[in-house]
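Enquirer: I'd like to ask some things about the structure below.
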Amino acid sequence: MQSGCSVRALWIINNNQDNVVFSRRFPVVEKQWCSSAYKSGNESTDLDLPRLPTDQQLSNAFTRRKRREGSTRGYGIRVAQSTKGSDSWVDDPIARHIISLRLSQQDDDDDDGDNEQPEKNILWPIALHTKSLYSILVLPLVNPREMKDYLTLSRRSDCGPAVGEDFSLSSLLLNISSITGAFMVAHAFADIISGDTVEPEVVVSASPSVGGLFDSLTGSIGISSRAKPVAAPLASSSPSGAATSGSTSSDAPKSGSRLLDRDLLRNFIASAMPFGTPLDLSLSNIFAMKANGFSSADPPPQELKQPAWKPYLYKGKQRLLFTIHETVNAAMYDRDEIPDNVSVAGQINCRAELEGLPDVSFPLAGLSTAHIEAISFHPCAQVPAHGIDKQNIVFLPPFGNFVLMRYQAGCGLGPPVKGFYQLSMVSEDEGAFLFKVHLMEGYKSPLSMEFCTITMPFPRRRIVAFDGTPSAGTVLTTEHSVEWRILGSGRSLSGKSLEATFPGTIKFSPLQSKRRGDGDEEESEGEGAENVVNVEDFLVEKMNKDLPAVELEEPFCWQAYDYAKVSFKIAGASVSRMSIDTKSVNIYPTTKSPVEFSAQVTSGDYILWNTLGKAPSAAVL
């Protein structure tokens, strides 16, 4: 259960049609809100607390906000178009994720809301999460006084929070416990809509310690099957019952383009948050409960309380599996004036096939050397505050695969891929490029790079000719990209480094100019050639002229900036130096259960920016 979180209502809006395609209101929570609003109204007369709008009113308010704020998420900072009382007027980027909606007394689609009183009829705070074609809006229950504090912020004449000032939108939201729960609900619904409901991957080694036919089938791949639950009385232990359980885990939607399944959403609400308070947002748990029901066989001892995240008790061969999965994001510039930026987003996935309700504890190794910047734990975990070097995690593991911990850290071993990328346009349609990269420099066994590719994307240009031979690997070209496969399948790099170069030339099809008129086009090109001294600057300016304007939702995607994207996978250990000592893992009550640990690292947004071109960067304060 998400402590302190109750949801008044939620809406799902189709971004293409700007209409509500699914909604749910929770009368029990709304009654609590009305009671709080009544008490607040007796204490203060300057606070107008509206009740829940209809779907039409909500969609109209959301559409007006998009027009007013420039996009679905909004500006996030105060700009010339910001109006007093709007989200961007608060001048805090978090207002792109926690939004407010002004409700109109009229249901007029053409009403732009300019005549609305900003402090009247406002819904806040609404957790906004967008995925695929939909926006999910979740309105949690808050104290009316917190609503009043927000209205005060939204009417301030000064811009943004002052230095050293505690009263800001971010600090206000930090003290509202229901905000986190609202985002968890929004993300859960987004995953169901998009079909992204796959359990976290837990990797097992090919060690014979697991044993049986299962090892021979899985080897070192991710486990997709779930722990076998205690069979329900109706299902008994027949093969058909087992087949039903297996098919249940595969019934979770897989495709991101599937249509909105309203019945699935209603069933999820009925089980996960029947009265507006989230109990268990795990879709796999809910599928299992619907398929298998509950069994009275082998109930837990009366003195032990069975948590909501573990609806079934495991029966079978016992084992405990941990996997550290890290994603490396990097922006490599190879410039003295711009430092490279490398960060690691990691998580510890776990699968506990343990009978009963045991407690598992272990010390985290590598917390001090990993340079942890942020860390969070699963609700089942208890972490005493003993300092960064002595974190001992105690948890009662849930059912199936789960994420025990997430963290942000530095790349303690250094960038897995170092080097530079240069692209110089020798004419409007021809360019010469050079790569020089160093793989796994300073990395030692057991770390092993399984594959590595570098891709040069050209989404707005069509490649008609290409020439170049790398010192290692192979090259694959398409109409809009060049892919350099440095390490392919069947070849790994372990215990040593690799230096590789790739020079070449590339030719594009001529640009299709947006002609305003032949005379105007020729005149503008002539002026450009006169005024621009540097030929390369002139070519870039000329090419950029035909590229579409930047979208506000992607502020760093100028589309004229050239870059290369690196993809790789590393196995054997983490690059942040985070680790788990299997010999230090304790299970209580004590059982003879093998403990296995594995780690894998993959690339996220790992970008090599063109050293000779423009590149976005953030100033370090």
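The values are calculated or read from the model by the stated rules, or taken from the named source; none is laboratory data. Model, not experiment: these values are computed from the prediction. All Cβ positions, glycine included, derive from the backbone under ideal geometry; neighbour counts span all protein chains shown. Areas reflect the complete protein model, heavy atoms only, side chains present, ligands, DNA and RNA absent. Shrake-Rupley method; radii C 1.70, N 1.55, O 1.52, S 1.80 Å.
Enquirer: If you plug each phi of region 492-502 into the Karplus form 6.51 cos²θ - 1.76 cosθ + 1.60 with θ = phi - 60°, what whole-Hz ³J(HN,Hα) values come out, in order, with x for Gly and Pro?
Expert: Once rounded to whole Hz, the list reads 10, 10, 9, x, 7, 10, 9, 10, 9, 10, 8.
Enquirer: Follow-up question, since we're still on this one. Out of every Cα-Cα pair in region 433-491, what percent are more than 20 Å apart?
Expert: Cα-Cα pairs of region 433-491 separated by over 20 Å account for 35 percent.
Enquirer: Let me ask another. For Ser6, what residues show an amide H to amide H distance below 5 Å, using hydrogens built from the backbone and excluding near sequence neighbours?
Expert: Distant-sequence amide H within range of Ser6: Leu141.
Enquirer: Okay, next question. So how much slack lies between Ser497 and Thr611, counting 0.36 nm per residue of separation and subtracting their Cα-Cα distance, in nm?
Expert: 38.7 nm
Enquirer: Sort Thr591, Thr469 by heavy-atom solvent-accessible area, probe 1.4 angstrom, most to least.
Expert: Ranked list, largest accessible area first: Thr469, Thr591.
Enquirer: Between Ile393 and residues 5 or more places away or on another chain, which pairs have amide H atoms under 5 Å apart, with H built 1.01 Å from N, and which residues are they?
Expert: Excluding prolines and chain starts, which carry no amide H, the hits are Phe362, Leu364.
Enquirer: Can you give the accessible area of Glu428, probe radius 1.4 Å, in Å² rounded to 10?
Expert: Spelled out: Glu428, probe radius 1.4 Å, area about 40 Å².
Enquirer: Give the calculated FRET efficiency between Lys31 and Ala308 to the nearest 0.05, with a Förster radius of 25 Å applied to their Cβ-Cβ distance.
Expert: 0.60
Enquirer: If you stretched the chain out fully between Arg460 and Glu201, how much longer would it get, using 0.36 nm times the residue separation minus the C-alpha to C-alpha distance?
Expert: Full extension of this stretch gives 89.7 nm more.
Enquirer: Counting Lys and Arg as +1 and Asp and Glu as -1, what is the net charge of the other residues whose Cβ lies under 10 Å from the Cβ of Ala331?
Expert: -2
Enquirer: Now for a different question. For Met273, list long-range residues whose amide hydrogen, built 1.01 Å from N in the peptide plane, is under 5 Å from its own amide hydrogen.
Expert: Leu279
Enquirer: Can you sort His97, His438 by 1.4 Å-probe accessible area, starting with the largest?
Expert: Correct descending sequence by accessible area is His97, His438.
Enquirer: Report the accessible area of Met405, computed with a 1.4 Å probe over the heavy atoms of all protein chains in place, in Å² rounded to the nearest 10.
Expert: 0
Enquirer: Mind listing the phi-derived Karplus ³J(HN,Hα) values for region 458-474, rounded to whole Hz, using 6.51, -1.76 and 1.60 with θ = phi - 60°, and x for any glycine or proline?
Expert: Ordered by residue, 3J(HN,Hα) equals 9, x, 9, 10, 9, 7, 10, 8, 8, 8, x, 10, x, 6, 8, x, 10 Hz.
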